[in-house]
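The values are calculated or read from the model by the stated rules, or taken from the named source; none is laboratory data. Quick caveat: nothing in here was measured; it's all calculated off a predicted structure. We place every Cβ from the backbone using ideal geometry, glycine too, and count neighbours over all the protein chains shown. All accessible areas refer to the heavy atoms of the entire protein, side chains included, with ligands and DNA or RNA removed. Shrake-Rupley method; radii C 1.70, N 1.55, O 1.52, S 1.80 Å.
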Amino acid sequence: MVHTGACVAALLGQGGSKRFGITWRWLRFFKNDRDRRDLIICGSAAGIAAAFRAPVGGVLFALEEMASWWRTALLWRAFFTTATVAIFLRAMIDVCLSGKCGLFGKGGLIMFNAYSASISYHLGDVPPVFILAVVGGLLGSLFNFMTNKALRMYNVINEKGTIYKLLLACLISIFTSCLLFGLPFFASCRLCPPDAVEPCPTIGRSGIYKKFQCPPNHYNGLASLIFNTNDDAIKNLFSMNTDNEFEFSSMLIFFCICLFLTIFSCGIVAPAGLFVPIIVTGASYGRMVGILVGKRSNLSHGLYAVLGAASLLGGSMRTTVSLVANVFNANVYDLIMKAK
């Protein structure tokens, strides 16, 4: 979304595209270095605002990551851009909720439904959260180091021609499929919770409880994470009151495969992405810490997952302020919508 917003802004900043015969004379007013730079910054802020429904987070991301020079006029332009995105996005979601989006369903974005407004913590909860943050930052640095090594190796392969790029993507795809379909066989089946919020086991749709070769009234925790979209996996990991839904061994396997598959999928000819896979990886890491801490902490495993995702993102993306604003904004928005 950041890349898309920046590309659209760059296209507007040069007056359109002469190659495709799409030009606008009135946009020549912005055809100078300063305005084009400002438009690209605003475009990146719009991408973040659209992805997380967080206007302030988009502005802070532009300030923290995109802009080398900042001034008051740019602040207001970026905020006006992200506010417009938020209003338009809300209108489009309302249209989809009314059932007018056809195959696109009801629309919506990743919602960090992790905690309620009445959370309390004690001094004993601080040390595990501090350790989680430090280890998450180190894992983020390790992720960057390994990704850089993988990209250097892929550059050597990609220079040999298009056929090698396609073969590399096919090999990684086959390896990923075998891994994801094979590992759930080694996970144990768990009895469905009596107070499950949705049907257990879940068959034929996205949900928390995937049956996957388990007997009736049982589900496979690892398959429940693997055979879901990244968005649904994030919701499952971030959800509160699900401390007993996943066991430590499943979370450890899921964390390892997410980490290594994200590293080796980056740089191939398929646009695999990094931001959301890192959120999934960090959430599984945070869940593992929550399981290890257990009842010695007052915080739910879902909140540990949120903190783990934030720590891994902060260590790998080097963003802090905008990251907190994005996660916090999405949580507050979800609570407001539930209150309504």
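Rolling a 1.4 Å probe over the protein chains gives I93 an accessible area of about 20 Å². Annotation for N158 and V134: the two label points, set 7 Å from Cα along the Cα-Cβ direction, are 3.7 nm apart.
Farthest toward the positive end of the dipole of the range 201-266, out of F212, L237, L222, is the Cα of F212, where the dipole comes from beta carbon charges about the Cα centre. Pop the C-beta distance of E64 and L11 into the FRET formula with R0 = 25 Å and round what comes out to the nearest 0.05. Efficiency at R0 = 25 Å is approximately 0.55. Once the Cα-Cα distance is subtracted from the 0.36 nm per residue extended length, the L167 to C101 segment shows a gain of 20.1 nm. Over the Cα atoms of the range 1-98, Rg to Rh with Kirkwood Rh, two decimal places? Here the Rg-to-Rh quotient is 1.02.
Here the Karplus curve 6.51 cos²θ - 1.76 cosθ + 1.60, taken at θ = phi - 60°, turns the phi angles of the range 273-290 into couplings of x, 10, 5, 5, x, 5, 4, 4, 4, x, 5, 5, 4, x, 4, 4, 5, x Hz, with x standing for Gly and Pro. To the nearest 10, the accessible area of F88 is 130 Å² with a 1.4 Å probe.
Is the C-alpha gyration tensor of the range 220-314 telling us rounded, prolate or oblate? Criteria: a/c under 1.5 is rounded; beyond that, a/b larger than b/c is prolate, otherwise oblate. Judged from the Cα gyration tensor, the range 220-314 comes out prolate (a/c at least 1.5, a/b above b/c). Spacing of the modelled spin labels on V126 and L151, each 7 Å from Cα toward Cβ, amounts to 3.8 nm. Taking every protein chain into account, the accessible area of the range 29-73 amounts to 50 square angstrom per residue (probe 1.4 Å). Surface composition of the range 123-338: carbon plus sulfur atoms hold 69% of the accessible area, using a 1.4 angstrom probe and ignoring ligands, DNA and RNA. With all protein chains in place and ligands, DNA and RNA left out, the 1.4 Å accessible area ranks C214, C189 as C189, C214, largest first.
How would D38, D33, D232 line up by accessible area, probe 1.4 Å, largest first? Please list the in-between numbers first.
On the way: D38 5, D33 135, D232 35 Å².
Of D38, D33, D232, the descending order of accessible area is D33, D232, D38.
With protein chains left intact and a 1.4 Å probe, residues in the range 183-243 average 50 Å² of accessible area per residue.
Using a probe of 1.4 angstrom, how much of the accessible area of the range 1-98 is carbon and sulfur, in percent? Carbon and sulfur together cover 68 percent of it.
Could you work out the relative contact order of the range 225-316, using alpha carbon pairs under 8 angstrom and six or more residues apart, expressed as a whole percent? Rounded, it is 36 percent for the range 225-316.
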